[in-house]
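The values are calculated or read from the model by the stated rules, or taken from the named source; none is laboratory data. What you see is a predicted model, and the numbers here were worked out from it, not measured in a lab. Here Cβ is always computed from backbone atoms with ideal geometry, including for glycine, and neighbour counts include all displayed protein chains. Please note that ligands, DNA and RNA were not included when accessible areas were found on the heavy atoms of the full protein model with its side chains. Shrake-Rupley method; radii C 1.70, N 1.55, O 1.52, S 1.80 Å.
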Amino acid sequence: MTYQQTKQWIVDNYPNDTQIQEVAEYIKNNQVVAFPTETVYGLGGNARSDQAIDKIFQAKGRPSDNPLIVHISSKSQLAEYVENITDNAKQLIEAFWPGPLTIVLPHNGKLSPKVTAGLSTVAVRMPDHPVALAIIEAAGLPIAAPSANRSGRPSPTTAAHVTQDLDGKIAGVVDGGATGVGVESTVVDCTSEKVMILRPGGITKEELEQVVGEVLQDPALTEEEEAPKSPGMKYTHYAPSAPLILVDGDINFLRKNVLASKQEGKRVGTLLTQEHQGLSEADKEVIIGSKEYLPEVARALYEALRGFEANEVDIIYSEVFPETDLGSAIMNRLRKAAGGKILQQK
Ligand code: TXA
Ligand code: MG
């Protein structure tokens, strides 16, 4: 479907009722609308409607075997869509909702089967964003919302990113400014006794373990041969406009690689921490915060991956980050964006 015009609503953190009601009407009419959450912008549609879910998959160009996250506006709504809420799920919800944590539990069949891509489980979260919560509540519906990017592209952290990818392909976009966390929610499987991370994200393993003790990680997150338990994790993602290579080493090693590519006549881009600004010799440097403060790197990451225009550079080198705390989510996204290509300093 194409739209002559994708409608824009500009809202602040105290969204006015008329605008929110209008957006809610679109959702109730099974139209799809992008809106901000605390992580990234989501492309929302009525999770009970096959028609609305079809529109989401179509606009994104998303493979239909990749299920969507269902967004709710109160903790108590969860029980309307899942079979039974395990104790570890209850503890995590108390600790982290509203917030960037998505919980996978067996569903009870009340949502469109297209949301769950035919799986027996559903992924649900309560976002911590006043605009998202107001829209869900006004629509009075569970809202399925994947990140509002074309499939394979970096997730959007501003309404402008949504427009770059989806203008004319969706009914509307609610502009509520830049999102805060910058990487998507952590997805956890709560169907078994031990909680398992399927996708690292805004809530860290360390934070989860403080609440429920030992937390497992889907082996596919570290072992290439394993099939991921979260269908979305098997696809290429977050790709910038030129091939990306991660550089695990010091700034001199990174600079050597930059210079070698320049020797081959390539235009080179770098993703650098501010500590190394001006030191890479690249044709274009994009700064992604400081190694000392990972929340800033998470917030800057997707904008940085979108920071190279088509044909502006031929190759991009990026620094790497320690894989603890938010670093796990940052490195998961960078590895995917790089298609696994990483240079190791000897
Ligand atoms: O922060 C976020 O989670 C954002 C905002 C908009 O809420 N949403 C988001 O959705 O990242 P999406 O569709 O881009 O990613 C959803 C991830 C995919 O990796 C998908 O495979 C996984 O969640 N997922 C959904 N349902 C699942 C299920 N039943 N079992 C396992 N993984 C599931
Ligand atoms: Mg996504």
| Residues that are more than 22 Å from the chain's Cα centre (by Cα) and part of a loop (DSSP other than H, G, I, E, B), drawn from the range 311-346 | 311, 312, 313, 314, 345, 346
| query | For the range 74-85, which residues satisfy the criterion of being out of contact with any strand residue (DSSP E or B) (no Cβ under 9 Å at 6 or more places or on another chain) and either acidic (Asp, Glu) or part of a loop (DSSP other than H, G, I, E, B) (or both)? | reply | 74, 80
| Looking at the range 215-229, which of its residues are open to solvent by 80 Å² or more (accessible area, probe 1.4 Å), at pLDDT below 90 and not basic (Lys, Arg)? | 222, 223, 224, 225, 226
| message | Take residue 232 and tell me if it is touching a Phe, Trp or Tyr at 6+ places or on another chain (Cβ under 6 Å), surrounded by 16 or more Cβ atoms within 10 Å (Cβ to Cβ) and closer than 17 Å to residue 199 by Cα. | response | no
| Do the conditions hold for residue 150, that is, is it within 16 Å of ligand 2 (Cβ to nearest atom), farther than 18 Å from residue 99 by Cα and either open to solvent by 20 Å² or more (accessible area, probe 1.4 Å) or modelled with pLDDT of 95 or more (or both)? | yes
| message | Just the residues that are within 18 Å of residue 138 (Cβ to Cβ), out of contact with any Pro (no Cβ under 8 Å at 6 or more places or on another chain) and hydrophobic (A, V, I, L, M, F, W, C), please, taken from the range 1-58. | response | 9, 10, 11, 20, 23, 24, 27, 32, 33, 35, 52
| said: With the requirement that a residue be assigned to a helix (DSSP H, G or I) and in contact with a Pro (Cβ under 6 Å, 6 or more places away or on another chain), what does the range 127-151 give you? | reply: 131, 134
| field | Meets criteria (open to solvent by less than 70 Å² (accessible area, probe 1.4 Å), more than 15 Å from ligand 1 (Cβ to nearest atom) and farther than 30 Å from residue 215 by Cβ) for residue 3 | value | yes
| message | Looking only at the range 292-306, how many residues end up being open to solvent by 20 Å² or more (accessible area, probe 1.4 Å) and in contact with a strand residue (DSSP E or B) (Cβ under 8 Å, 6 or more places away or on another chain)? | response | 1
| Which strands (runs of 3 or more DSSP E) does the range 173-259 wholly contain that include 2 or more residues that are within 13 Å of ligand 1 (Cβ to nearest atom)? | 186-189, 196-199
| said: Restricting to the range 23-69, and then to whatever is in a loop (DSSP other than H, G, I, E, B), surrounded by fewer than 20 Cβ atoms within 10 Å (Cβ to Cβ) and of a type outside the set (D, E, K, R), can you tell me which residue is farthest from the chain's Cα centre (by Cα)? | reply: 29
